Amino acid sequence: MPRTQVLVVGGALSGLSAAVFLAWHGVRCVVVEREPQLPPGTRRTLNPRTMELLRQIGLEYTIMRQCAAGPSTEASPCTAVSFAGVEAVLRDRAEALGVTMCFGTSLRSFSQGADGVTATVVDGDGDYEIHADYLVAADGPDSGTRVALGLAAGDRTCRAGKVFLVGKSANTMPHDDGNIFLQDAQNLAWKLAAVVKGLAGPTLVDTYQTERHPDTVPPKAPAEAMVLGYRYSSDAVVDPGDNTPLLAHQLRGQPGSRAPHVRVTFIGRPISTLDLYGRDFVALIGSNGTWQHTTHGLPVQAYRFGTHLHSETDLEAAHGITPDGALLVRPDGFVAWRSPGPVTDAAEAMAKTLRTILSR
């Protein structure tokens, strides 16, 4: 019986996005798609936040070579684009990252157990079983996975045991916002990868629903705030405050918000602070170095303002800390925790914070 860590059902935008982000985090994936080949891509407007995520996995340049950039903004290193080939770009990236792509293959049935999911799939040569630790359903609003799980059309459930739903499988409302679907997939992927690799407890992935499909709708806000300034309030954020979206100029490292974009010099080359995020947790440390040694032995990359990162911008002010402060940024670029200044036992505070976020 073939075995993988994650079986993705559905090879369109949501499924391909999930597979790419999972593989980017080192998770073995198999994608099954009932269509014999990838259908022609839908032209989509990809907003700056979506382009930031694609930049993380090395796809921004690939896309920008094939389309015209939209207006730039000081709030992001990326611009919005109109592009018709994102599915093909994701497929190629998935294959390059080692994802097994099975077109012309349908999910017939599946069952769950303590050790994972056993799925029966069928292709032109007959049926066979695949065993996976988890299953990600991205097979659309008429999802056979939803039916098998007994979910009604209006149910806003994103998890059922070891099965997770993304894209239209998770949200059956009549919209087709590729930005939402791709960002859903990225949110789930880093959390599921942490669980699969033993870095996090299994309840971390419960925050996928809390953050991406919350019961409480955020207050109305300008479009700019909904693109870059939306905020998460979940167990994967320490002291998040409310979920009121922020305008771009208000992003100052608030827990639950997307970390601000600041242009810096790192090892002699210009980058955005957003380029530091993607695979690992990142600690940004004030220039006095109070928190300098607190990440030793932890799965965290640490960068000190004024030592590793240089900028004409006041980096502490831009991130809402003093020179004795620090903040912890998740792999998805959202601030998980912030200490504006020093604390009594900084090493224990950092370790405890990470344990809390990772549900350990």
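The values are calculated or read from the model by the stated rules, or taken from the named source; none is laboratory data. These numbers come from a predicted model, not from an experiment. Glycine gets a Cβ as well: all are built from the backbone with ideal geometry, and neighbour counts include every protein chain shown.
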Tally up the residues in the range 57-86 that are assigned to a helix (DSSP H, G or I) and buried (at least 21 other Cβ atoms within 10 Å of the Cβ), please. 1
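For Val20, state whether it is of a type in the set (Val, Ile, Thr), in the same structural domain as Val136 (by TED's automatic domain parsing) and not in a helix (DSSP H, G or I).
Against the criterion (of a type in the set (Val, Ile, Thr), in the same structural domain as Val136 (by TED's automatic domain parsing) and not in a helix (DSSP H, G or I)), Val20 does not qualify.
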Answer from Leu188, Leu135, Leu107 - the residue that is touching a residue at least 12 places away in the same chain (Cβ under 8 Å) and not in a strand (DSSP E or B): Leu188
Within the range 209-229, can one find any residue that is in contact (Cβ under 8 Å) with a residue 60 or more places away in the chain, out of contact with any strand residue (DSSP E or B) (no Cβ under 6 Å at 6 or more places or on another chain), buried (at least 19 other Cβ atoms within 10 Å of the Cβ) and among the small types (Gly, Ala, Ser)? no
Determine whether the range 19-34 contains at least one residue that is under 23 Å from Asp332 (Cα atoms), surrounded by fewer than 24 Cβ atoms within 10 Å (Cβ to Cβ) and modelled with pLDDT under 95. no
Being among the hydrophobic types (A, V, I, L, M, F, W, C) and touching a helix residue (DSSP H, G or I) at 6+ places or on another chain (Cβ under 8 Å) is the filter; apply it to the range 201-218 and report the residue that is nearest to Leu182 (Cα to Cα). Val205
Pairs, please: C-beta under 7 Å, at least 6 apart or cross-chain, first residue farther than 13 Å from Asp139 by Cβ and touching a residue at least 60 places away in the same chain (Cβ under 8 Å) and in the range 11-29, second β-branched (Val, Ile, Thr) and in a helix (DSSP H, G or I)? Val27/Val196
So, in the range 267-292, of the ones that are outside any loop (DSSP other than H, G, I, E, B) and free of Cβ contacts under 8 Å to residues at least 24 places away in the same chain, which residue ends up surrounded by the fewest Cβ atoms within 10 Å (Cβ to Cβ)? Arg269
What is the number of the single condition among (1) of a type outside the set (Lys, Arg); (2) within 19 Å of Leu53 (Cβ to Cβ); (3) assigned to a strand (DSSP E or B); (4) touching a helix residue (DSSP H, G or I) at 6+ places or on another chain (Cβ under 9 Å) that Val264 does not meet? (2)
